[in-house]
Every structure is written in C-alpha cells, then in structure tokens.
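Let me begin by presenting the structure, written as structure tokens, before commenting on it.
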Amino acid sequence: MSDSPRTVVILNRTATATSILRDIKAFTGYGLSEIRSRIVAGLPVVIEEMFSNAWYDERAQLLLALLTKWQSEGITFEIREVAEDDPIEAGALISLEVLRNIIEPDDNESRDGI
C-alpha cells in the first residue's frame, strides 16, 4: 500500500452540464450516470493518488489543466489533499494555486538546472 496522499475534487452539486460530465468521463473513465450521481450527492468526482508514477508521467498536468479550465469557466469546485487512510472529510482544503505549486516546482527546478 502506498503512503501517498490523494487529491480529491468535489464539484458544486449544480455542476451537471454535459461538457463537465464529458470532462470527468475523459479524465476518470467513470460512466456519465455515475458521475452525475457523484456530483448530486456531493461525492468526489476525482480521486487521484499524488506522487505516483502516473502522477509524474501525466496525471498531475492533466488534472491541473482540467481544473484551470473549470476555474476559467466559473465552475465551482473544492480540492482536498487527503492522507492515504483518512476519510475525505478529514482532508485539507487547498486552492488551485497551492495545487499548481505542488505540481509545477519540479518543472521550474529542472529548467533552472539546464
């Protein structure tokens, strides 16, 4: 079992537009009815393990792009950083900027080292 925290995204319960459902389906692979049910129930639509190989390979950047898009479209969501074994409610609320700083420092450091 990994000790890596998870990034959890919960959408505003009214955010059920078709474009949002498609975005989530493309990112998670969940079915559209499951996604809609999760949104309406206030459950996470994204649960992503941080600092895994997939996170570093592309998932972190894809998540950041998706959330940045939603923010620019005025879609309301919350991001939580949740420890591996903790319930989602125990996770710390973080902003998109904090998530961006978590994801992008390595990119900036590697550019500086060139």
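The values are calculated or read from the model by the stated rules, or taken from the named source; none is laboratory data. None of the values given here were measured: they were computed from a predicted structure. Positions of Cβ are backbone-derived with ideal geometry, glycine not excepted, and every protein chain shown enters the neighbour counts. Side chains are part of the model used for accessible areas, which takes the heavy atoms of the whole protein and leaves out ligands, DNA and RNA. Shrake-Rupley method; radii C 1.70, N 1.55, O 1.52, S 1.80 Å.
Kindly report the accessible area of the chain per residue (heavy atoms of protein chains, probe 1.4 Å, no ligands, DNA or RNA), in Å².
58 Å²
Where does the chain land at 222 nm, in deg cm²/dmol rounded to the nearest 500, when only DSSP H runs of n ≥ 4 count, each adding -39500 (n - 2.57), divided by all residues? Could you put the intermediate results ahead of the total?
Working: 5 runs with 50 residues, N = 114.
Calculated from helices alone, the mean residue ellipticity at 222 nm is -13000 deg cm²/dmol.
Direction-averaged shadow area of the convex hull around the Cα atoms of region 1-70, nm²?
It is 4.8 nm².
Would you tell me the accessible area of residue 77, worked out with a 1.4 angstrom probe on the heavy atoms of the protein chains, in Å² to the nearest 10?
Probe radius 1.4 Å; accessible area of residue 77 about 40 Å².
Would you work out which of 24, 83, 93 lies farthest towards the positive end of the dipole of the chain? Charges go on Cβ: Lys and Arg +1, Asp and Glu -1.
24
Given the C-alpha centroids of region 57-95 and region 1-38, what is the distance between them in whole angstrom?
So the two Cα centres are separated by 10 Å.
Provide 85, 3 ordered by accessible surface of protein heavy atoms (probe 1.4 Å), highest first. It would help to have the intermediate numbers written out before the result.
Working: 85 120, 3 145 Å².
Reading off the accessible areas and sorting them downward yields 3, 85.
Size of the dipole of region 2-114 about the Cα centre, Lys and Arg at +1 and Asp and Glu at -1 on the beta carbon, nothing else charged, in debye to 20?
760 debye
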